[in-house]
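FYI, it's all coordinate maths here, none of it is from the lab. Only a predicted model underlies this, so the values are computations on that prediction, with no experimental measurement involved. We place every Cβ from the backbone using ideal geometry, glycine too, and count neighbours over all the protein chains shown.
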Amino acid sequence: MMRRIALLSPLLLLSGCATEQSIWNARGPGAARIAPLMWWIVVLFLVVTLIMWILLVIPIRRRGSLDEHAPIDIGGGQGWVALGGLLIPLAVLTAFFVAGLILMERFPIHDPNNSAVLKPDILVIGHQWWWEVHYLDGPPDQRFVTANEIHIPAGQAVTMELESEDVNHAFWVPTLQGKIDMIPGHPNFMRIEANQPGDYVGQCAEYCGVQHAHMRLLVVAQSAAAYKDWTEQMLQPGHTPTTPEAIAGEQVFLTGKCSTCHEVRGTPARGHVAPDLTHIGSRQYIGADSFPNNTAYLEAWVTHAQSFKPGCLMPNITDFNGVQLRDLVTYLQQLR
Amino acid sequence: MSATAVAQRLKTEWETPKSLWGKFATVDHKEIGIRYIVTALVFMCIGGIEALIVRVQLARPDAALVSPEVYDQLFTMHGITMIFWYAQPILSGFAIYVIPMMIGARDMALPRLNAFTYWAFLLSGILVYIAPCMGQAPHAGWFAYVPYTLYQYSPSHGMDFYAMSLILFTISMTGGAVNFILTIMRQRAPGMSINRMPLFVYSTFTISWVSIFAMPALTAACVFLELDRRWGTHFYTIAHGGSAILWQQLFWFFGHPWVYIIFLPATGMLSMIIPIFSRRPIVGYPWVAVSTILTGAVGFSVWMHHMFTVGMSDMSMSFFSAGSMMISIFTTVQIFAWVATLWKGRLVMTTAMHYALGSIAVLIVGGLNGVVTGIIPLDWQAHNTYFVVSHIHYVLIGGNMFPVFAALFYWFPKMTGKMLNESLGKWSFWICFVGFNVAFFPMQILGFIGMPRRVYTYPAGLGWSSMNMLETAGAFVLGIGILLIFINVFISRRRGRIAGRNPWNADTLEWATDSPPEAYAFVHLPTVASRHPLWDDHDEEADPSDERTLDDGRLTLVSTWLDAEPYAVASMPKETLVPLLACLTLFGFFLALVFQLMWLVLGCFLVTLSFAFYWLWPRPEAEEGA
């Protein structure tokens, strides 16, 4: 049993490396600089553990008896303490301490003294339990607000300002960069970069209440052209519905409860306590990146959000009939 | 006077009457020590059951065994139960039981305070467990970060119970620390100069000083929290100029020294047990003693390593990273002193020794993965993930629970006069050891592959499912191992082999007393001539002219703190109900504060105050201790 577990554990370790939220699966310079140092220290410490366990086991062979004991003035063994307890750990720990400082210097996660950092490209505000995202680049008419899905240009460092509207959260996309807390009244900054276009998942890493588990996060890195297209698309107001179902759905949205909390730019819906839905149809997930954005989940979310994410602010909305619900979802899906 | 006549006189002086009144009024350190141990073990069982429910919920992705609210309450109650009401009190229990005898005294220096701190510990635990009985348990993790714990986000009474019970707990802790300091500085046997103190005494002495300086930060943090929650102050509210980080600073200024408070006495236990079963004095006694003290001192300059992701200047983070590296060197010194003792000794592989070696093995892993979190950029990835959950359990099970089990097997014969069953003990060790590693080793990998702590569930497809299932299985195996220890205790208490005075042929003074010891412990208060009183040629109880029987009242010797030269005789107090009554009204005070019943608060306060006056009122010599 023990041997099987011993054989399996490196396999488990390796199989974990390629998973989506693994720090070993580094896809940006921040995470990529941390990962090798982490490998070094993990391998070294596994070796140290092995050596220490052997040192603990070997003396077991030399047995004594409770009837006798060594003389009380017996000496010896000080060398062990000086070498193993003091000198070797001093050298190893100093090396790792310095390596850590160098790493921190080269790619700081946040640096309030750096003037470039003070002009963030993106402001992310944590809420219980979703992310409000402001794009601040460019003149005021080039700025826009979205939620939960953060697009960045690939191969380019982006500066984020991270804040919170309520309790503490933490922004963490393990494949791109380490985490940093989002604390009300204490803005933090992070430089984040993805080497290649792709989807990078993460989640809130500071316990923030009952739905901490469903405060997931998606960063989408795009080529420069695709990113430009995306920002142009985001600057547009909500798509005006054209099909009869979608037009009916818009009426459901505007006359129902939805618009009290949600905003769709270009319509009278200007609620500000819940995620902006202007381009909800283009997002991959709903419920703070927790559930796929498709017809079935959208319908279920509207009527039974409390079953998916108990305790969240979104109520179960059961006052729509089947047709209204289908129209509403059609409307949301064409908001691209 | 004949020896038996003296013993009889001492017995009548010291023994607590065997009546109901005696049970509540006792000030005997042996009785109180055992109560501490039993109560802490009960809390450990409760905390363990909470942990098992948590593990079942996490065994599969998207599970719904418990609701998110209940899950949050469970992991919070597990954390605070284990960290506050198990991990420290169990060490205090052993220390209160063993240390007076180990240093050749007849009781703690302040026996009534000793009773008081026990009742305060018990009642604070009961206070915090009223909350889950009302369905409103604390739910914000053991470090309870604001703003989530403010009224706006946590309106239930859970956090009020958290704050109030912890304040009562800090009162107990502080009283206990004062008592240990006084006992150790003033009651050591003649000749037990500071360089001859057993290492368990060193570690308890160190953490008592640490407690005195660390606990006020927790008290202040909790007072501020309650004031913010119920009285409209703004220590932590940003909108009115408070700071959410203030809580973190206060809490961790207490919190990291606390880690050493619940760790160092356990290393002290190992420094007693390992040499005994290596049949030689410990290698590097001065190294270990100095490392213990330095760990306690430097423990005050590492707290910000819990906050590397808060967003602080690189300079302050680097300072605390360096402190964290430095403090791990003091622990490696201790570990290598133990390893050298093993290599230079001849081992006797008792169950206690199994647990001692197992705890070093586990502690090594916990120490090393602690270094990972001490390196700032690595902590940015590891922080708040299951890697940290693994770390804290490797440190606290290797550095507290296994040493405590070793101590249980080691001192149980002294406490009960019976030996624990060795073969059942070794079975329990191997089951605990394997179960523990299966439960907690995979958590390190889970942390690396991105699983944050404190999530009530997780999606399939991130590669976390199989390891979570494995961990749950391991947790249950660990639970079975611990259950075996309890079975062993229950069976051996009645049917165990008779222990005799010194079953391990050990070297410290407590083994010179009967098993279980008489209330007065020693007929002739012992003198000491070396670090190993029972292994040297000096006869501790040689007292031909009966100068050190002190049988003329409840008396014990008082000595100087460095050289332990006797200079006075102290008269010790008799049994009294005042500590219990004062604690009960104090309990009422805090319970009333939770519900803001202000007239009751005032009433309880005044009654507690009058008990304090009665307790402390100077009395003529003859009535001393009434």
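Quick look at the values:
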| item | result |
| --- | --- |
| FRET efficiency, 1/(1 + (r/R0)^6) with R0 41 Å, evaluated for B:VAL558 and B:ARG495 via beta carbons | 0.45 |
| Span from the region A:200-235 Cα centroid across to the region B:358-378 one, whole angstrom | 33 |
| Under 14 Å, Cβ to Cβ, from B:ALA115 - net charge with Lys/Arg +1 and Asp/Glu -1 | +1 |
| Average other protein chain Cβ within 10 Å of Cβ, residues A:50-59 | 5 |
| Size of charge dipole - region A:244-333 - debye, nearest 20, with Cβ of Lys, Arg +1 and Asp, Glu -1, no other charges | 160 |
| HN-Hα J in Hz across region B:262-273 - Karplus 6.51, -1.76, 1.60, θ = phi - 60°, x for Gly and Pro | 8, 10, 4, x, 5, 5, x, 4, 4, 5, 8, 7 |
| Net charge, A:THR267 excluded, C-beta distance under 13 Å - Lys, Arg +1, Asp, Glu -1 | -1 |
| Segment B:SER610-B:TRP427, extension gain: residue separation times 0.36 nm, minus the distance between their alpha carbons | 60.6 nm |
| Candidate lysines - alpha carbon under 25 Å from A:LYS179, same-chain residues fewer than 8 apart omitted | A:LYS119, A:LYS309 |
| Region B:263-450 - percent relative contact order, Cα under 8 Å, separation 6 or more | 28 |
| Among A:323-331, B:274-282, A:75-83, the order from most to least packed when residues are scored by Cβ within 10 Å on average | B:274-282, A:323-331, A:75-83 |
| Distance in nm between pseudo-label sites at B:GLU565 and B:MET598 (7 Å out along the Cβ direction from Cα) | 5.9 |
| Those residues of region A:197-217 whose amide nitrogen sits under 16 Å from the label point placed on A:ALA32, 7 Å along Cα→Cβ | A:197-200 |
| Farthest toward positive dipole pole in the protein assembly as shown [+1 Lys/Arg, -1 Asp/Glu at C-beta], among B:PRO618, B:SER154, B:ILE194 | B:ILE194 |
| For a label point 7 Å along the Cα-to-beta-carbon line of B:LEU65, residues of region A:298-332 with backbone N under 20 Å | A:310 |
| Average Cα contact separation per residue, chain B, under 8 Å, 6 or more apart, as relative contact order % | 20 |
| Average beta carbon contacts from partner chains per residue of A:161-174, 10 Å cutoff | 4 |
| Counting DSSP beta bridges with both ends in the protein assembly as shown, the antiparallel % (nearest 5) | 75 |
| Order by protection proxy (mean Cβ within 10 Å, highest first), peptides B:207-217, A:89-99, B:21-31 | B:207-217, B:21-31, A:89-99 |
| Using alpha-carbon coordinates, inclination of helix A:29-57 to the longest axis of chain A, degrees | 30 |
| Spacing of the two label points (7 Å from each Cα toward its C-beta) at A:ALA224 and A:GLU20, in nm | 3.0 |
| Cβ-placed point charges (K, R +1; D, E -1), dipole of the protein assembly as shown about Cα centre in debye, nearest 20 | 2020 |
| Using alpha-carbon coordinates, inclination of helix B:578-594 to the longest axis of chain B, degrees | 10 |
| Rounded to whole Å, sorted largest first: equivalent-ellipsoid semi-axes of the protein assembly as shown, Cα gyration tensor | 57, 31, 24 |
| Estimated FRET transfer efficiency when R0 is 45 angstrom, pair B:GLU547-B:TRP209 (beta carbons, to 0.05) | 0.85 |
| Span from the region A:139-188 Cα centroid across to the region B:603-618 one, whole angstrom | 56 |
| For B:THR385, distant residues with modelled amide H under 5 Å away | B:ARG453 |
| Eligible lysines near B:LYS11 by straight Cα distance, threshold 24 Å, same-chain separation 8 or greater | B:LYS23, B:LYS30, B:LYS414, B:LYS418, B:LYS574 |
| Length added when fully stretched, B:MET349-B:ASP514, from 0.36 nm per residue minus Cα-Cα | 56.9 nm |
| Local electrostatic count at A:GLY155 - Lys and Arg +1, Asp and Glu -1, tallied over other residues with Cβ under 15 Å | +1 |
| Average beta carbon contacts from partner chains per residue of B:364-375, 10 Å cutoff | 5 |
| By average C-beta atoms within 10 angstrom, highest first, the peptides B:537-549, B:452-464, A:221-233 | B:452-464, A:221-233, B:537-549 |
| Inter-label distance, nm, simple model (7 Å from Cα along the C-beta direction), A:SER307/A:GLU105 | 5.8 |
| Tilt relative to chain A, helix A:244-255 - C-alpha long axis, 0 to 90 degrees, to 10 | 70 |
| Dipole moment magnitude, nearest 20 debye, region B:543-626 about Cα centre, only Lys, Arg, Asp, Glu C-beta charged | 740 |
| ³J(HN,Hα), Karplus 6.51/-1.76/1.60, whole Hz, each residue of region B:225-240, x for Gly, Pro | 4, 5, 4, 5, 5, 10, 10, x, 7, 9, 5, 10, 8, 5, 4, 10 |
| Karplus-derived 3J(HN,Hα), 6.51/-1.76/1.60, for each residue of region B:117-130, Hz, glycine and proline x | 5, 5, 4, 5, 4, 4, 6, 5, x, 5, 4, 6, 7, 5 |
| Per-pair calculated FRET efficiency, R0 = 56 Å: B:VAL38 and A:ILE51 via Cβ, rounded to 0.05 | 0.90 |
| Placed amide H near A:ASN168: partners under 5 Å, 5+ positions off or other chain | B:TYR148 |
| Mean separation of Cα contacts under 8 Å (6+ apart) over length of chain A, as relative contact order % | 15 |
| Spatial separation of Cα centroids for region B:283-327 and region B:546-578, in angstrom | 39 |
| Distant-in-sequence amide H partners of A:SER223 (H built 1.01 Å from N, under 5 Å) | A:ALA154 |
| Global form of region A:244-333, assessed from the alpha-carbon gyration tensor, a/c cut-off 1.5 | rounded |
| 26 Å Cα-Cα reach of B:LYS344 towards lysines, excluding residues that sit fewer than 8 places from it in its own chain | B:LYS426 |
